[in-house]
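Worksheet for the structure shown next.
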Amino acid sequence: MKLSQHDLRQLDDGYLQRLPEAALRALSLTLLADLKEAQERLQQNPNNSSRPPSSRAPWDRPGVDATAASDTDADEDDAVAPSRDATARDDDRAADAAAEPPGAPPSGDPTPPPARPKRKPGKQPGTPGVGRTQVFTAHATEEHRPTACHGCQASLAAAAAVCYTGFQSLDLVWGDPKEPGVRLRVVDHRFFEAGCDACGHHTREQPMQVADDPTLEGVQLREWRLVGPGLATLIVALSLRFRLSRARIHEFLDDWLGVHLSIGTIHQTLHEAAAVVAPVEATLLADIHASGLLHADETSWPQQEQGRWLWVFLTATTTLYVIAGRGKATVTQVLDGFTGWLMSDGWFSYRGYPRRLRCWAHLLRKAQGLVDCYDAGAGPLVTWSAPRWKP
Ligand SMILES: [Zn+2]
């Protein structure tokens, strides 16, 4: 979308009648491109885009998908067996139900309490809002002025402009070898509006914003934000590397940097950072799929919750780390589109891939096992292979 709501409000019949033919043609092309883009978005649905199934209109939703309930091809390591107590309770309920006549109300059980409405996370309706309480002194001011008219494309370099809005950004700046360390830097961003002498249209320079992308799952990426990229990096590190909760991060920033950020701002920063790096993951996967030889291995990952493993997929130029379960699902997902050779150990999750090379180090260990075993049948292998390698 090239034309903002502010632009469209000014475009009317009178304005178009006054516009010279060349400018009118240029504006028509912009309007046509915007219209096509809007129509394509209107026609998007879960069948032809990355929109989630939950975005489907209620009347378009199919019934419960039976295949989803029977899909047991999940990660074996993620499967949790029902506990013994839970199984026993289910058996008791089944026995009680069998003893009562059909249609009779359950005897002895009190009437279940009415279901309480689910409380939505975040600020509740009616709760007074809380704005920012900390005012920073800016180290610098950056002005953002329009350069060309959004109506007739005329230059606005010489036009008088007035500031109509602005925001403050807060960032961490790293020093250099002569002056090491980090420091906070506050910048006042000011956005200007200018009138066009040629056509009278008023154009506003606006903070950049990524168009609504359904794959970002509701996260909006825009320039208008308090937390700069350096400070966002620190917040991500405190959360993922040092395993601090949102409340602990809030406390750390307050105590050590003197920066008071709300829990909501910290939460939003983490989600936006995840959305920003998502395309990088796709690039790494594409590099891996294009390679002819891929090495893979996995190890336990105690920093995460139980059942998570750290996988590494390595080519000559790319290394991809994945934290996931240890089952086949992870390998299947990462290798979807890969046709080269896979070098791995003998873990069963790799065995479904047909073009697989067994790691030489593991083969040597297996051969050493034959050397050490008491099976007389292993003798011929031992006699010819033993001189060829030194375990
Ligand atoms: Zn103009």
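The values are calculated or read from the model by the stated rules, or taken from the named source; none is laboratory data. Bear in mind the structure is a predicted one, so any value in this text is a computation, not a measurement. Every residue, glycine as well, gets a Cβ built from its backbone with ideal geometry; the counts of neighbours run over all protein chains shown.
General remarks:
- Some residue of the stretch 109-116 being loosely packed, with under 14 Cβ neighbours inside 10 Å and within 16 Å of the ligand (Cβ to nearest atom): no
- Unique match (being more than 16 Å from the ligand (Cβ to nearest atom), within 28 Å of the chain's Cα centre (by Cα), outside any strand (DSSP E or B) and at pLDDT below 80) among PRO121, PRO128, PRO207: PRO121
- Residue match in the stretch 349-356 (condition: touching a strand residue (DSSP E or B) at 6+ places or on another chain (Cβ under 7 Å), in a loop (DSSP other than H, G, I, E, B) and loosely packed, with under 14 Cβ neighbours inside 10 Å): yes
- Checking each residue in the stretch 9-28 for being of a type in the set (A, V, I, L, M, F, W, C), within 21 Å of ARG204 (Cα to Cα) and either away from the ligand (no atom under 15 Å from the Cβ) or over 37 Å from the mean Cα position of the chain (by Cα) (or both) picks out LEU11, LEU16, LEU19, ALA23, LEU24, ALA26.
- Scope the stretch 265-280; condition free of Cβ contacts under 8 Å to residues at least 24 places away in the same chain and out of contact with any Lys or Arg (no Cβ under 9 Å at 6 or more places or on another chain); matching residues: VAL277, PRO279, VAL280
- Cβ separations smaller than 9 Å between residues 6+ apart or across chains give no pair from the stretch 134-162 residues that are under 22 Å from LEU261 (Cβ atoms) to residues that are modelled with pLDDT of 90 or more and within 11 Å of the ligand (Cβ to nearest atom).
- Subset of the stretch 245-262 (residues that are surrounded by 12 or more Cβ atoms within 10 Å (Cβ to Cβ) and either under 19 Å from the mean Cα position of the chain (by Cα) or aromatic (Phe, Trp, Tyr) (or both)): SER245, ARG246, PHE252
- Any hit, the stretch 232-239, residues being out of contact with any helix residue (DSSP H, G or I) (no Cβ under 9 Å at 6 or more places or on another chain), modelled with pLDDT of 90 or more and within 16 Å of the ligand (Cβ to nearest atom): no
- Here is the figure for the stretch 166-198: residues that are within 16 Å of the ligand (Cβ to nearest atom) and assigned to a strand (DSSP E or B) total 4.
- GLY307 meets all of the listed conditions (1) loosely packed, with under 15 Cβ neighbours inside 10 Å; (2) on the phi > 0 side of the Ramachandran plot but one, namely (1).
- Selection from the stretch 329-359 of residues that are among the aromatic types (Phe, Trp, Tyr) and more than 27 Å from the chain's Cα centre (by Cα): TRP341, TRP347, PHE348, TYR353
- Within the stretch 146-165, the set of residues being modelled with pLDDT of 90 or more and either within 15 Å of the ligand (Cβ to nearest atom) or touching a helix residue (DSSP H, G or I) at 6+ places or on another chain (Cβ under 6 Å) (or both) comprises PRO146, THR147, ALA148, CYS149, HIS150, GLY151, CYS152, GLN153, ALA154, SER155, LEU156, ALA161.
- Residue match in the stretch 312-322 (condition: outside any loop (DSSP other than H, G, I, E, B), among the polar types (S, T, N, Q) and over 20 Å from the mean Cα position of the chain (by Cα)): no
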